[in-house]
Amino acid sequence: MIARIADRSQIAEARRVAEALARSSGFDAIATGRVALVATEMATNLLKHAGDGQILIEPFPGANDPGLQLIALDNGPGIADLRRAMEDGVSTAGTPGTGLGAIRRQSDEFAAWSRPQRGTAILARFGKPATAAGVLLGAVAEPYPGETVCGDAWCFAVAKGGPTLLLADGSGHGAAAAAAAETATKTFAQTARLEPEAQMMAIHRALAPTRGAAAALACVDLGAGLVRFVGVGNIGGAVVTGDGVKRMISHNGTAGHVAPRIREFTYPHDGEATIILHSDGLSAKWDLAAYPGLVASHPSLLAAVLFRDHRRGKDDCSVAVMRIGP
């Protein structure tokens with residue numbers, strides 16, 4: 001959910017939305033209070049330092065219980081010295097200067113990225129993410145404007161070939177698209193024993209009773225030093241290594257209906273790799289060179305900044321990022 005912040009009346013609305021999602025995720029009163037405080041601080045900071053902005057409030061898969069992440073995004077002047085800005089008492093707006101410090105203290109996981117003329121992104125997470133050793137995940141997924149459910153979905157598993165990320169974009173939008181995407185993620189989770197091509201074929205068959213979906217999965221084969229990618233339909237994929245950004249290839253089609261070719265492509269990696277998958281609700285014209293240091297930041301911040309600047313606005317939009325390191 002997006003809480004847009006343009007005036008002081010929207011601070012209370014952001015807090016209310018965050019509290020409601022925390023309760024629906026099973027958070028107790030103390031944890032819900034922490035979430036509400038962070039939402040308030042984020043919204044206040046957006047008004048004071050950037051004039052306006054937005055807060056993405058989304059669940060993420062937790063190790064035991066569902067987690068919640070809040071990401072504040074703006075297109076303001078940026079923060080010249082992030083490390084100093086997080087010290088209590090430091091402010092450029094004549095305030096007590098406790099906002100970022102309070103957000104960091106209340107969060108289970110905190111990250112920030114900011115550059116002059118590129119704005120700022122602040123992440124606060126509550127709960128422990130479900131992941132694997134050496135893997136860091138992040139994502140944002142927002143529905144078509146006016147819809148209450150998102151027709152895109154993502155999923156992670158340690159599959160037969162290695163850590164694997166899936167993104168599915170149900171055809172169209174709304175409940176039927178969400179049902180198709182959910183079928184894709186459930187089938188993916190149930191077929192982790194299969195090789196990537198076989199997994200995609202299983203997803204294709206499972207989607208036959210639905211309206212279908214674009215789907216892509218990226219498996220990082222650590223032993224072979226390869227990213228194994230299988231895509232059907234319009235899912236954007238890229239692998240970022242020390243050699244730069246390589247765009248990955250999906251075949252035309254709709255999983256569940258027409259998929260004339262389900263084929264694996266491989267891309268080398270050097271032991272560290274960042275995988276970016278996104279639906280066609282995000283323009284593919286993004287260029288990481290325009291965002292110094294972003295690829296090394298938390299994957300949720302990378303996903304959120306691309307969402308902020310390159311969302312088309314006429315479809316569901318999702319960006320999922322997986323970083324593999326030693």
Going by amide H atoms built from the backbone, whose H comes under 5 Å of the H on I5, apart from near neighbours?
G53, Q54, I55
Burial ranking of peptide ranges 112-118, 227-233 (average Cβ count within 10 Å, highest at the top):
227-233, 112-118
Ranking D52, D243 by Cβ neighbours within 10 Å, fewest first, what do you get?
D243, D52
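By counting other Cβ atoms within 10 Å of each Cβ, how are S300, S9, S107, S24 ranked from fewest to most?
Values: S300 27, S9 8, S107 19, S24 11.
With the sparsest Cβ surroundings first, the list reads S9, S24, S107, S300.
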Between helix 29-45 and the chain, what is the angle of the helix's C-alpha long axis to the longest principal axis, kept within 0 to 90° and rounded to the nearest 10?
70
Helix 175-190 against the longest principal axis of the chain: what's the angle in degrees, Cα atoms only, rounded to the nearest 10?
70
Take the cross-link list K128/K160; K160/K285; K246/K314; K186/K314; K48/K246 and give me the ones stretching past 29 Å between alpha-carbons.
K160/K285; K48/K246
How tilted is helix 196-206 with respect to the longest principal axis of the chain? Cα atoms for both, answer in degrees (0 to 90, nearest 10).
90
Could you check the simple spin-label distance between L222 and R193, using points 7 Å along Cα→Cβ, in nm with one decimal?
2.2
Towards the positive end of the charge dipole of the range 2-126, with charges on Cβ (+1 Lys, Arg; -1 Asp, Glu), say which of Q106, L70, N45 has the farthest Cα.
N45
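Please report L46, L222 as a ranked list, fewest other C-beta atoms within 10 angstrom at the top and most at the bottom.
Working: L46 28, L222 15.
Going from sparsest to densest Cβ surroundings: L222, L46.
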Stokes-Einstein D in µm²/s, Kirkwood radius over Cα pairs - the range 65-197 at 25 °C with 0.890 mPa s viscosity
139
Cα pair count fraction exceeding 33 Å, expressed as % - the chain:
24
Relative to the Cα centre, what is the charge dipole magnitude of the chain, using +1 at the beta carbon of each Lys and Arg, -1 at the beta carbon of each Asp and Glu, and rounding to the nearest 20 debye?
120
Pull up all non-local amide H partners of H269: gap of 5 or more, or a different chain, and H-to-H distance under 5 Å with H placed in the peptide plane.
L226, V227
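Read-outs throughout are calculated quantities, based only on the coordinates presented, and are distinct from any laboratory measurement. Fair warning: this is a prediction, and the values are worked out from it, not measured in the lab. Here Cβ is always computed from backbone atoms with ideal geometry, including for glycine, and neighbour counts include all displayed protein chains.
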